[in-house]
Amino acid sequence: MLLVDDDPRVLTAVGRRLGFEGFQVDLVASGQEALEAVAARRPDLVILDVMLPEMDGLEVARRLRLRDDVPILMLTARDAIADRVAGLRSGADDYLVKPFAFEELLARIEALLRRTRSQPPADVLEFGELVLDLRSRDVTRGGRPIELTARGFALLEFFLRHPRQALTREQIFEAVWGSDFMGASNVIDVNVSYLRDRLEAFGDARLIQTVRGVGYALREPSP
């Protein structure tokens, strides 16, 4: 479990109580640290404060959701409906207003973990005849195997997790490379071109479409 809060008193008190309940908890105090921690070792749950320095919790949740479906419990001192809606729309699964009773936090954590554990993650991603197996790391199209580099596999996985969505270069870079967008660099275009070559090696129609002025999208071929 990952607890993200810039208040050292919250980190210490909540982290200790969760430890007493049998949870293994990593503690970080900023949004960037949270992104790095999740990338290094995916937690079962992220408890995320909204009011963080430099990168707030809403932005952290948005970036995490681009990469992963890790459960997110948002903590905030704001209790207006609009604030709760913003938290949920950013990608949070639940929302708890400060100050809170630890018993309620614990109950929400248990409910989120119970919900996610009852829904095992899909090991196979499919789009038409294109199939990606996350366990074996096999990729096929129309039953024919496709060999990909580790980066190509990660790029295709990201497209398959967001089918038919127009994805910006910034979103792609954050999700696949795990850091801020490199501006004018053509690294994304080069990797998309490589992936297209592999997917279209047998004369199959193009699936990764260019969205002019935005980026790319995985879409059905045009008739």
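Only helices (runs of 4 or more DSSP H) whose full extent lies in segment 56-132 are considered here, and the ones with at least 3 residues that are more than 22 Å from A40 (Cβ to Cβ) and modelled with pLDDT under 90 are 81-89, 102-117. Tallying residues that are surrounded by 14 or more Cβ atoms within 10 Å (Cβ to Cβ) and free of Cβ contacts under 8 Å to residues at least 12 places away in the same chain within segment 121-137 yields 1.
Scanning segment 92-105 for residues that are touching a Lys or Arg at 6+ places or on another chain (Cβ under 8 Å) and open to solvent by less than 30 Å² (accessible area, probe 1.4 Å) yields Y95, L96, F102. With the structure loaded, tell me whether G57 is surrounded by 17 or more Cβ atoms within 10 Å (Cβ to Cβ), under 22 Å from T168 (Cβ atoms) and in contact with a Ser or Thr (Cβ under 8 Å, 6 or more places away or on another chain) or whether it fails that test. Criteria met by G57.
Can you pull out the residues in segment 25-42 that are in a loop (DSSP other than H, G, I, E, B) and at pLDDT 90 or above? Answer for segment 25-42, where residues must be in a loop (DSSP other than H, G, I, E, B) and at pLDDT 90 or above: V25, A29, S30. Only one entry of R108, R63, R89 meets the criterion of being under 25 Å from F158 (Cβ atoms) and open to solvent by 60 Å² or more (accessible area, probe 1.4 Å), and that entry is R89.
The values are calculated or read from the model by the stated rules, or taken from the named source; none is laboratory data. Keep in mind that this is a model prediction, so the values were computed, not measured. Cβ coordinates were reconstructed from backbone atoms using ideal geometry, including for glycine residues, and neighbour counts include every protein chain displayed. Each accessible area value is taken on the protein alone, full model and side chains, heavy atoms only, with ligands, DNA and RNA left out. Shrake-Rupley method; radii C 1.70, N 1.55, O 1.52, S 1.80 Å.
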